[in-house]
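Novice: The structure follows.
The values are calculated or read from the model by the stated rules, or taken from the named source; none is laboratory data. The shown structure was predicted, so the numbers you read here are calculated from the model rather than taken from an experiment. Cβ sites come from the backbone with ideal geometry, for glycine too, and all protein chains shown count toward neighbours. Accessible surface areas use protein heavy atoms only, side chains included; no ligands, DNA or RNA. Shrake-Rupley method; radii C 1.70, N 1.55, O 1.52, S 1.80 Å.
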Amino acid sequence: MTSFDELRALDRASIIGTYARLPAWFVRGEGARLWDHEGAEYLDFLTGISVSSVGHCHPQVVAAIREQAGQLIHTSNLFYTEPMIRLADRLRRGSLGGRVFFTNSGAEAVEAALKLARRAKEGGDIVVVHGGFHGRTYGALSATPQESKQAPFAPLVPGFVAIEPTVEALNRAVTERTAAVLLEPVQGESGVHPIPVEVLRAAREACDVHGAALIFDEIQTGLARTGPLWAWHGVGVEPDAMTTAKALGGGLPIGALITGPGFEDVFQPGDHGSTFAGGPVPCAAAHAVLDIVEDPALHTRVAELGERLREGLQELPHVTAVRQRGLMVGFDVEDVAAPELVTRLLEEQRLVANATGPATVRLLPPLVIGEAEVDGALERIAAALG
Ligand SMILES: *Cc1c(COP(=O)(O)O)cnc(C)c1O
């Protein structure tokens, strides 16, 4: 039997140290619960960063993966496969009505969106906003205006313009030279900051006036995380294209760029590609996920439970602000460091959460929880805050 100390030493020796891991070794998951190597049970309010939105090892997801894995795992995009094509049809019908390009991750979906925008308007600028996060690959990183993430990797991809997410800044930045405006409707990695609806509307208008593409990054906000299937459904501002990933595969790696009709013919054969993308197994898992998250009753539940979580958090000592859309929740704390609080929650309260900054904790619970889990999490956070 490997001990935790041995595994940690092996991790240090073998894995390039880009992650400062939290002190837990998980071996099993079911619904909103995780178990560590010693059998201790945890309540998971992070879901692998909004990935396991339908809960861990959802029986429908497990069955879909098992069945497809026993039938066909991979053939590449050189041939037709039905799970992928039917998934694309489902995604476009549930969103923008254009067409879909599949990827294996969120950052790759963003790369596809950036290439699409440049293909549609050669040499055009991409306008992005401060506090945004779009991934770690070069294009996605260039769209993520954070000094600490970008500076060590300069020079970045040229042609990105970073602005504050305000109506005035948008109206100044978007011109005839703009190929796209890229935004998260609710910024996730920066600590759950919703972009004001008037800013989203201004972006829509500016893009219409100057012939630019409005692209929403719904990698974290999508698939009912904020209540409605897509966050833009909730604010009534429709983009020209959007990205999805994280929760789509129920834990398997899959992402997608979804276009509206205006951008469905931009890419030509040979313009873009991916060996793995759209594989039958992740697509089968995604069908099972959509069966669950497309349900309007779930959307209502997510909204209700999110309110309950927000109201509970607002009552707690040391909590200075709560930002919430559905079950995407960030809260700020004072007199206690968020990373310390998160470690205390994990080790003493067995609640999984994460710190997005020195004073901000983020909660992304499974969408299939009930009142008992929300109240249980609130009790644990209250206890950890002392
Ligand atoms: C997580 C995330 C990404 C990057 O996705 P990866 O799968 O980690 O590449 C991009 N955009 C947003 C909004 C995200 O939350």
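Novice: When the residues of the range 245-265 are filtered to those that are assigned to a strand (DSSP E or B) and more than 30 Å from Arg28 (Cβ to Cβ), which remaining residue is nearest to the ligand (Cβ to nearest atom)?
Specialist: Looking only at the range 245-265, we keep the residues that are assigned to a strand (DSSP E or B), and these are 250, 252, 255-259.
Imposing the further condition that a residue be more than 30 Å from Arg28 (Cβ to Cβ) reduces the set to 257-259.
On the way: Leu257: 12, Ile258: 14, Thr259: 17 Å.
So, considering only residues that are assigned to a strand (DSSP E or B) and more than 30 Å from Arg28 (Cβ to Cβ), the one nearest to the ligand (Cβ to nearest atom) is Leu257.
Novice: Return the residues of the range 128-158 that are more than 16 Å from the ligand (Cβ to nearest atom) and either within 17 Å of Glu189 (Cα to Cα) or buried (at least 18 other Cβ atoms within 10 Å of the Cβ) (or both); say none if nothing qualifies.
Specialist: Within the range 128-158, Glu147, Ser148 qualify.
Novice: Also: Check Leu214, Leu223 and return the single one that is farther than 18 Å from Lys115 by Cβ, in contact (Cβ under 8 Å) with a residue 12 or more places away in the chain and open to solvent by less than 50 Å² (accessible area, probe 1.4 Å).
Specialist: On the way: Leu214 fails: farther than 18 Å from Lys115 by Cβ.
Of the residues listed, the single one that is farther than 18 Å from Lys115 by Cβ, in contact (Cβ under 8 Å) with a residue 12 or more places away in the chain and open to solvent by less than 50 Å² (accessible area, probe 1.4 Å) is Leu223.
Novice: Please verify whether the range 286-296 includes one or more residues that are without any contact (Cβ under 8 Å) to a residue 24 or more places away in the chain, open to solvent by 50 Å² or more (accessible area, probe 1.4 Å) and under 15 Å from Arg90 (Cα atoms). Even if it seems obvious, please write down each step before you answer.
Specialist: We begin by selecting, within the range 286-296, every residue without any contact (Cβ under 8 Å) to a residue 24 or more places away in the chain; these are 295-296.
Subsequent filtering for residues that are open to solvent by 50 Å² or more (accessible area, probe 1.4 Å) retains 295-296.
With under 15 Å from Arg90 (Cα atoms) added as a condition, the list becomes 295.
Among the residues of the range 286-296, at least one is without any contact (Cβ under 8 Å) to a residue 24 or more places away in the chain, open to solvent by 50 Å² or more (accessible area, probe 1.4 Å) and under 15 Å from Arg90 (Cα atoms), which makes the answer yes.
Novice: Same structure, new question: Of everything in the range 345-386, what is assigned to a loop (DSSP other than H, G, I, E, B) and over 23 Å from the mean Cα position of the chain (by Cα)? Give them in sequence order. Show your work before the answer.
Specialist: Taking the range 345-386 first, the residues assigned to a loop (DSSP other than H, G, I, E, B) are 350, 353, 358-359, 364-370, 386.
Matches in the range 345-386: Arg350, Gly386.
Novice: Here is a follow-up. Confirm whether Leu183 is open to solvent by less than 10 Å² (accessible area, probe 1.4 Å) and either among the aromatic types (Phe, Trp, Tyr) or within 15 Å of the ligand (Cβ to nearest atom) (or both).
Specialist: yes
Novice: Have a look at Arg21, Arg28 and point out the one that is at pLDDT 95 or above, under 23 Å from the mean Cα position of the chain (by Cα), charged (D, E, K, R) and surrounded by 11 or more Cβ atoms within 10 Å (Cβ to Cβ).
Specialist: On the way: Arg21 fails: surrounded by 11 or more Cβ atoms within 10 Å (Cβ to Cβ).
Just one listed residue meets the conditions, Arg28.
Novice: Another one. Name the residues in the range 122-161 that are in a helix (DSSP H, G or I), among the hydroxyl-bearing types (Ser, Thr, Tyr) and at pLDDT 95 or above, would you?
Specialist: Residues of the range 122-161 that are in a helix (DSSP H, G or I), as a first pass: 138-142, 147-153.
Add one more test, that the residue is among the hydroxyl-bearing types (Ser, Thr, Tyr), and what stays is 138, 142, 148.
The answer is Tyr138, Ser142.
Novice: Now for a different question. Return the residues of the range 85-115 that are touching a residue at least 40 places away in the same chain (Cβ under 8 Å), surrounded by fewer than 24 Cβ atoms within 10 Å (Cβ to Cβ) and farther than 18 Å from Gly222 by Cα; say none if nothing qualifies.
Specialist: Arg86, Lys115
Novice: Given the options Ala109, Ala113, name the one that is within 14 Å of the ligand (Cβ to nearest atom), under 13 Å from the mean Cα position of the chain (by Cα) and not in a loop (DSSP other than H, G, I, E, B).
Specialist: Details: Ala113 fails: under 13 Å from the mean Cα position of the chain (by Cα).
Being within 14 Å of the ligand (Cβ to nearest atom), under 13 Å from the mean Cα position of the chain (by Cα) and not in a loop (DSSP other than H, G, I, E, B) holds for just one of Ala109, Ala113, which is Ala109.
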